[in-house]
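**Student:** Structure provided below as structure tokens; questions to follow.
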Amino acid sequence: MFRNIGAVLFDLDGTLIDSAPDLGAAVDRMRLARGLPSLPLELYRPMAGAGARGMLGVAFGMTPDHPEFPALREEFFVNYERCMTERTYAFKGVPELIEQLVARGLAWGVVTNKAMRFTGPLTQGMSLFATAAAVVGGDSTPHAKPHPEPLLEAARRLKLEPSRCIYVGDDERDVLAGRAAGMATVAARYGYLGGNPDAVRWGAHAHIDSPLELLSLLQSAATA
């Protein structure tokens, strides 16, 4: 499954970077503005990968069908734009992982459901992404994950067959999208994990508990 790999694609939030502190701060500011007490980051973190839906759900118990959801979502977006690189950092081991992929001649890229409104400035503002060969956001194609189209778009940009790509993500929808695209899938169990934290049940081809463990999968494939 991991043989003849030409590229590794990653989800963004919860897989490459820990953006939960900035996402949580953006929505917590909304609570404070309404006279509500601050909530701890530990409550926000598991749902950070779900963006506005996840953050507003934690902060206000609000679902997307609530009539006030669009207005609060935009308020959250504006808050997040103002702080999205203040507390966000790469997970331990990610910079070294990327260096190793590049050294091995493997292309790499990002496929996220985060809109390019945020994905563009974020990836352009962090040196980690200087060598990324493809960055596909949640609105780069007509569909978002778990639909496979964003991953297929990334493969097209890399000029590779999907079967020569690995997709790494910390949410079940990442595995579903990767498998539907015909890619090898790796569940990042160190990430946010969303509403279904039992990553073993997602059906990924492999699991890792730290970013650098991915290199062991690639090494095993190279020597098999």
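The values are calculated or read from the model by the stated rules, or taken from the named source; none is laboratory data. In this text the structure is predicted, and so the values were computed from the model without any measurement. Here Cβ is always computed from backbone atoms with ideal geometry, including for glycine, and neighbour counts include all displayed protein chains.
**Student:** Quickly run through region 70-94 and pick out the residues that are on the phi > 0 side of the Ramachandran plot and either among the polar types (S, T, N, Q) or not assigned by TED's automatic domain parsing to the domain that holds D11 (or both).
**Tutor:** Residues satisfying the conditions do not exist here.
**Student:** Restricting attention to region 143-152, does a residue exist that is in contact with a strand residue (DSSP E or B) (Cβ under 8 Å, 6 or more places away or on another chain), outside any loop (DSSP other than H, G, I, E, B), free of Cβ contacts under 8 Å to residues at least 60 places away in the same chain and surrounded by 14 or more Cβ atoms within 10 Å (Cβ to Cβ)?
**Tutor:** There is at least one residue in region 143-152 that is in contact with a strand residue (DSSP E or B) (Cβ under 8 Å, 6 or more places away or on another chain), outside any loop (DSSP other than H, G, I, E, B), free of Cβ contacts under 8 Å to residues at least 60 places away in the same chain and surrounded by 14 or more Cβ atoms within 10 Å (Cβ to Cβ).
**Student:** When region 97-119 is examined, which residues are found to be assigned to a helix (DSSP H, G or I) and surrounded by 13 or more Cβ atoms within 10 Å (Cβ to Cβ)?
**Tutor:** Passing the criteria: L97, I98, Q100, L101, V102, M116, R117, F118, T119.
**Student:** While we're on this one: With G182, G178 as the choices, which residue is assigned to a loop (DSSP other than H, G, I, E, B) and either free of Cβ contacts under 8 Å to residues at least 12 places away in the same chain or in contact with a Ser or Thr (Cβ under 9 Å, 6 or more places away or on another chain) (or both)?
**Tutor:** When all the criteria are applied, what remains is G182.
**Student:** Would region 156-175 turn up any residue that is in a loop (DSSP other than H, G, I, E, B), touching a strand residue (DSSP E or B) at 6+ places or on another chain (Cβ under 6 Å) and in contact (Cβ under 8 Å) with a residue 24 or more places away in the chain?
**Tutor:** Checking region 156-175: at least one residue is in a loop (DSSP other than H, G, I, E, B), touching a strand residue (DSSP E or B) at 6+ places or on another chain (Cβ under 6 Å) and in contact (Cβ under 8 Å) with a residue 24 or more places away in the chain.
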